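Reading through the structure tokens given below for one structure.
The values are calculated or read from the model by the stated rules, or taken from the named source; none is laboratory data. All values derive from a computational prediction rather than experimental measurement. Note: ideal-geometry Cβ built from the backbone for every residue, glycine included; neighbour counts use all protein chains shown.
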Amino acid sequence: MKKTILVLSISLLASCVAVAQPRVEFVKGKNRIDVVIAGAPFTSYLYGPELPKPLLVPVCTPSGVEMNRPHPLVKTEGASTDHEHHVGIFFAVDQVNGVNFWKNTGVSPQIRHAEITQMAGGRGSGTLATVSHWIDDKQQIVLEEKRKMIFLAGEHNDEHAIDFSIDLTAENTRVLFEDIEEGMFAIRVSDYLRETDAGAALEQGRPLPEESLSGTGRYFSSNGDQTAKNIWGKRARWVALQGVRKDKVVGVAILNHPASINYPTYWHVRNYGLFSANPLGQADFQKQQPKRYRKNKIIPLRLTLEEGETAHFRFLVIVYDRIRTHEQMEERFREFAK
């Protein structure tokens, strides 16, 4: 009898744990899929013939703080308006067979959403899988992109995450990716996460008036580097950016999985708000760091895919409330790398 009661207790406990997990739901609309966690908006996958590439925007922390700059999709008074091709979370790169898929703001060239292959919500996680075509300025498909996004609901306290697994396959032709800084897996963050003197003051514990909190961000990396200046162009397993919004510390991190091409990735991070992992910019990053790389030590990657060949990219994006330490991010990376 005691054994039976114990088994029932364990079963009930497991059931309670499962029920406690927030639910991930997908709501399909016209050229968009809204991702809802525990009944609250998390992000939206946007696509359509008028967009240069699929986007995830906005992306919110569990407490509802938006991490993305809304421009140019939403005009906001006082918001920055630079680099209109930096929108939400996006995946693109310059110089694919000489074609610029990074800076495109029109529909030629275009990364065009083709179909949804899986859309399944559930307790704790939900999966959205898509196919897109990279179409050059001659209207030829050069790459097929198969993307799987697993939305993780509150896997840890005060955070949500998206596990991106992306495969690019050469279609109809041989594809050459030149080494260039302009790429690749990126998020354009809200203006309050820009790096300024305010961010340095906050890190040192000095109080600031609310009107000075337009740029409170601070980057830090798995290498122990801090600030965009010290992280840009270097390899790292992960990079995080955190700042203050209305007296609340919030942050976003990008982790690079060891199975991803040219791991650990190089980073194209800027203090004005571009936060990008770029494994394909190798030679360009090295050339711009003469103190670290002599001219004869620069080794181009020049990723080349023959027709039918595939390159794999995998990243985890974490958006969170409350401050995170280097040690906490290392632990999250170890879990992801498994």
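Return yes or no: is Arg206 of a type in the set (Lys, Arg) and at pLDDT 95 or above?
Here the answer is no, as Arg206 does not meet what is asked.
Examine the range 270-287 for a residue that is assigned to a loop (DSSP other than H, G, I, E, B), surrounded by fewer than 23 Cβ atoms within 10 Å (Cβ to Cβ) and touching a strand residue (DSSP E or B) at 6+ places or on another chain (Cβ under 9 Å), and state whether such a residue exists.
Yes, some residue in the range 270-287 is assigned to a loop (DSSP other than H, G, I, E, B), surrounded by fewer than 23 Cβ atoms within 10 Å (Cβ to Cβ) and touching a strand residue (DSSP E or B) at 6+ places or on another chain (Cβ under 9 Å).
Suppose we keep only residues that are in a loop (DSSP other than H, G, I, E, B) and among the acidic types (Asp, Glu) within the range 75-115. Which one would you say is surrounded by the fewest Cβ atoms within 10 Å (Cβ to Cβ)?
Once the filter is applied, the top-ranked residue is Glu77.
Does any residue in the range 22-37 that is in a strand (DSSP E or B) come within less than 6 Å, Cβ to Cβ, of a residue that is exposed (fewer than 15 other Cβ atoms within 10 Å of the Cβ) six or more places away or on a different chain, and which pairs are these?
The qualifying pairs are Arg23/Arg123; Phe26/Met119; Asp34/Val27.
What single numbered condition from (1) surrounded by fewer than 22 Cβ atoms within 10 Å (Cβ to Cβ); (2) of a type in the set (S, T, N, Q); (3) within 17 Å of Val250 (Cα to Cα) fails to hold for Thr43?
(1)
Answer yes or no as to whether Gln118 is surrounded by fewer than 16 Cβ atoms within 10 Å (Cβ to Cβ) and either at pLDDT 95 or above or touching a Phe, Trp or Tyr at 6+ places or on another chain (Cβ under 7 Å) (or both).
yes
Quick test for you: out of Ile323, Ile298, Ile261, pick the one residue that is of a type in the set (A, V, I, L, M), without any contact (Cβ under 8 Å) to a residue 40 or more places away in the chain and surrounded by fewer than 23 Cβ atoms within 10 Å (Cβ to Cβ).
When all the criteria are applied, what remains is Ile298.
It is to be established whether one or more residues within the range 329-338 are in a strand (DSSP E or B) and modelled with pLDDT of 95 or more. Please lay out each step first, then the result.
We begin by selecting, within the range 329-338, every residue in a strand (DSSP E or B); these are none.
No - not one qualifying residue is present in the range 329-338.
So is Val59 within 21 Å of Ser190 (Cα to Cα) and not in a loop (DSSP other than H, G, I, E, B) or not?
Taking the combined requirement at face value, the residue satisfies it.
Can you tell me which residue among Arg292, Arg314, Arg302 is closer than 21 Å to Trp102 by Cβ, among the basic types (Lys, Arg) and in a loop (DSSP other than H, G, I, E, B)?
Arg302
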